[in-house]
């Protein structure tokens, strides 16, 4: 079978019993993504950095696609979790990068007054593969050399 798009276990998580993302219903757009390990997301304090929740997975896709990371609709109300970047964008060239192998992480803030514990295997968000277009005069030639947040470095 030709590989077009999909998920794999990221380096360093081969022995961690990672479940691959799945769609739960036939009309779901998003693949449910689980936490790779127990993580505590502290109650928000002004100036703190978001908590990165590891997934233990990476994604491959065609050159004209990206993977959109979205919060679960129930996370803000039930757990107080909001994505620090509102929506995450995983570019196709993030896959296999030398910094972190393309490991996907969700960046959360906890807006509740108490710390929230996320357990390994708990669904934390969803991922949706999307096509994108470029302008007629696009001339991007740069190559990704790093992992999370490295595009502007």
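Quick notes on this one:
- Projected area averaged over orientations for the range 56-116, convex hull of C-alpha atoms, nm²: 4.9
- Percentage relative contact order, the chain, counting C-alpha pairs under 8 Å, at least six apart: 32
- Within the range 69-108: backbone nitrogen closer than 12 Å to the residue 40 label point (7 Å, Cα to C-beta): none
- Distance between modelled label sites at residue 20 and residue 87, nm, 7 Å Cα→Cβ extension: 2.6
- Restricting the calculation to Cα atoms, every distinct pair contributes to the Kirkwood radius of the range 6-131, found to be 14.9 Å.
- The range 1-79 and the range 92-136: distance between their alpha carbon centers, rounded to Å: 5
- Alpha carbon convex hull of the range 1-40, volume per residue in cubic angstrom: 122
- Placing a pseudo-label 7 Å from each Cα along the Cα-to-Cβ vector at residue 115 and residue 78 gives an inter-label distance of 2.2 nm.
- Each label point was placed 7 Å from the Cα along the Cα-to-Cβ direction; for residue 68 and residue 135 their separation is 2.1 nm.
Where a number appears in this text, it was derived from the coordinates with a stated rule and is not lab data. Values in this document were obtained by computation on a predicted structure and should not be read as measured data. Backbone-built Cβ (ideal geometry, glycine too); neighbour counts: all protein chains shown.
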